[in-house]
């Protein structure tokens with residue numbers, strides 16, 4: 001399953017806040033057997049959110065951030081614009097925020113959080129206030145990490161796929177020395193992903209695929225062809 005992630009927030013683009021949500025989601029998707037094909041960050045701007053959503057081809061698009069009550073929280077509107085949907089006050093969302101309505105009344109802030117693209121399926125927020133939602137193939141979650149992780153766990157089965165197998169080979173050979181070998185293996189094992197990650201005194205080669213035998217075969221070839229170098 002191919003999944004893309006869009007993080008919304010001026011605070012991410014300015015460097016004021018680290019995008020820890022992206023790292024967490026990437027790891028969870030890998031555990032579930034889905035492939036994260038893209039991570040992008042866009043500002044709190046309706047047009048740019050909509051444009052980014054329209055540009056992506058994936059089984060699911062996860063969007064995080066911009067679900068609060070302040071003027072710059074415009075993710076709901078951006079999603080609606082991308083899909084050409086009207087915004088509607090969602091009764092299910094209001095029910096999710098019942099305790100806040102009982103405490104504060106049906107305020108304009110609560111109405112804003114409950115006004116979603118038409119046809120949205122609501123994900124209640126067990127940790128905070130703003131509900132998330134799913135509309136078509138778009139999953140929208142809050143940017144607050146503890147709220148996002150709580151909601152993601154509730155709907156994680158959406159992303160269940162065939163898990164990938166990953167193995168690593170670390171060698172002291174320089175990356176230039178192993179380039180041709182990696183190109184050869186990439187051509188031969190087209191169902192296996194091979195990546196190299198150079199460090200100061202070594203190169204980590206990461207082999208990933210869904211067939212454990214094929215992954216192990218690549219590992220064995222690497223170890224044999226690079227045996228003159230120190231390896232782990």
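In the set (1) part of a helix (DSSP H, G or I); (2) touching a strand residue (DSSP E or B) at 6+ places or on another chain (Cβ under 8 Å); (3) surrounded by fewer than 19 Cβ atoms within 10 Å (Cβ to Cβ), the condition left unmet by residue 11 is number (2). Of the residues making up region 33-49, not one is over 18 Å from the mean Cα position of the chain (by Cα) and assigned to a strand (DSSP E or B).
Checked against (1) loosely packed, with under 15 Cβ neighbours inside 10 Å; (2) part of a loop (DSSP other than H, G, I, E, B), residue 54 meets all criteria but (2). Only a single item in (1) over 16 Å from the mean Cα position of the chain (by Cα); (2) in the same structural domain as residue 18 (by TED's automatic domain parsing) is not met by residue 150, and it is number (1).
Within region 63-120, being more than 14 Å from residue 141 (Cβ to Cβ) and part of a strand (DSSP E or B) holds for 87, 88, 89, 115, 117. Across region 129-148, not a single residue is classified as farther than 20 Å from residue 74 by Cα and surrounded by 13 or more Cβ atoms within 10 Å (Cβ to Cβ). Considering only residues in region 57-75 that are within 17 Å of residue 151 (Cβ to Cβ) and in contact with a strand residue (DSSP E or B) (Cβ under 6 Å, 6 or more places away or on another chain), the one that is surrounded by the fewest Cβ atoms within 10 Å (Cβ to Cβ) turns out to be 60. Any residue at all in region 6-23 that is within 19 Å of residue 81 (Cα to Cα) and without any contact (Cβ under 8 Å) to a residue 60 or more places away in the chain? So far as region 6-23 goes, yes, one or more of its residues are within 19 Å of residue 81 (Cα to Cα) and without any contact (Cβ under 8 Å) to a residue 60 or more places away in the chain.
The values are calculated or read from the model by the stated rules, or taken from the named source; none is laboratory data. Model, not experiment: these values are computed from the prediction. Neighbour counts run over all protein chains shown; Cβ positions are idealised from the backbone, glycine included.
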